[in-house]
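Asks: Quick one: the structure is below, and I'll ask about it shortly.
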């Protein structure tokens with residue numbers, strides 16, 4: 001029997017059972033957050049309107065933020081809630097071949113390696129802003 005022929009309740013249960021196998025922690029969420037922010041909360045506080053004591057409490061007690069705040073945090077970091085929770089980033093078809101290759105290579109790195117790649121990318125971002133994408137796309141063609 002295929003999944004679309006299974007009653008909805010059983011489909012939900014099957015999906016729930018699969019998710020239960022993968023465990024995520026709020027501690028990992030905040031480690032990824034700190035990796036992206038470099039441990040600096042102030043820019044996120046300004047962008048999201050979040051209060052410092054609230055953010056500090058969530059981090060210290062390893063508490064996930066509510067979905068709406070997690071979304072604001074992820075958006076302010078130019079990432080996804082999925083990445084902050086799972087460490088897995090969706091790859092979108094709009095990425096250039098070079099960006100996809102970088103993403104694939106970084107998936108094979110430990111957290112320190114990923115942090116270095118991110119630091120390098122941030123440094124290059126100022127030298128080669130998106131406005132120059134026409135010249136970058138010609139190189140990838």
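The values are calculated or read from the model by the stated rules, or taken from the named source; none is laboratory data. All of these numbers come straight from a predicted model, not from anything done at the bench. Virtual Cβ from ideal backbone geometry, glycine too; neighbours counted across all protein chains shown.
Asks: Name the single residue that is farthest from residue 85 (Cα to Cα) among those in region 21-48 being assigned to a loop (DSSP other than H, G, I, E, B) and touching a helix residue (DSSP H, G or I) at 6+ places or on another chain (Cβ under 8 Å).
Replies: The extreme case among them is 41.
Asks: Looking only at residues in region 35-55 that are within 25 Å of residue 112 (Cα to Cα) and in contact (Cβ under 8 Å) with a residue 12 or more places away in the chain, which one is surrounded by the most Cβ atoms within 10 Å (Cβ to Cβ)?
Replies: Looking at residues that are within 25 Å of residue 112 (Cα to Cα) and in contact (Cβ under 8 Å) with a residue 12 or more places away in the chain, I get 36.
Asks: Find all pairs meeting these conditions: Cβ atoms under 9 angstrom apart; at least six residues apart or on different chains; first residue within region 74-87 and without any contact (Cβ under 8 Å) to a residue 12 or more places away in the chain; second residue surrounded by fewer than 16 Cβ atoms within 10 Å (Cβ to Cβ) and in a loop (DSSP other than H, G, I, E, B).
Replies: Hits for this filter: 80/89; 80/90; 82/88; 82/89; 82/90.
Asks: Tell me yes or no: at least one residue of region 84-93 is out of contact with any helix residue (DSSP H, G or I) (no Cβ under 7 Å at 6 or more places or on another chain) and within 21 Å of residue 27 (Cα to Cα).
Replies: Taking every residue of region 84-93 in turn, at least one turns out to be out of contact with any helix residue (DSSP H, G or I) (no Cβ under 7 Å at 6 or more places or on another chain) and within 21 Å of residue 27 (Cα to Cα).
Asks: Taking only region 65-104 into account, find how many residues are closer than 17 Å to residue 37 by Cα, outside any helix (DSSP H, G or I) and at pLDDT 90 or above.
Replies: The qualifying residues number 1.
Asks: Using beta carbons and a limit of 9 Å, which pairs, at least six apart or on different chains, have the first residue in region 116-141 and in a helix (DSSP H, G or I) and the second one modelled with pLDDT under 50 and surrounded by 10 or more Cβ atoms within 10 Å (Cβ to Cβ)?
Replies: From residues that are in a helix (DSSP H, G or I), the pairs are 130/136.
Asks: Quick check on residue 66: is it under 17 Å from residue 81 (Cβ atoms) and out of contact with any helix residue (DSSP H, G or I) (no Cβ under 8 Å at 6 or more places or on another chain)?
Replies: In short, yes.
Asks: Taking residue 60 as meeting all but one of (1) surrounded by 12 or more Cβ atoms within 10 Å (Cβ to Cβ); (2) at pLDDT 80 or above; (3) closer than 16 Å to residue 33 by Cβ, write down the number of the exception.
Replies: Every condition holds for residue 60 apart from (1).
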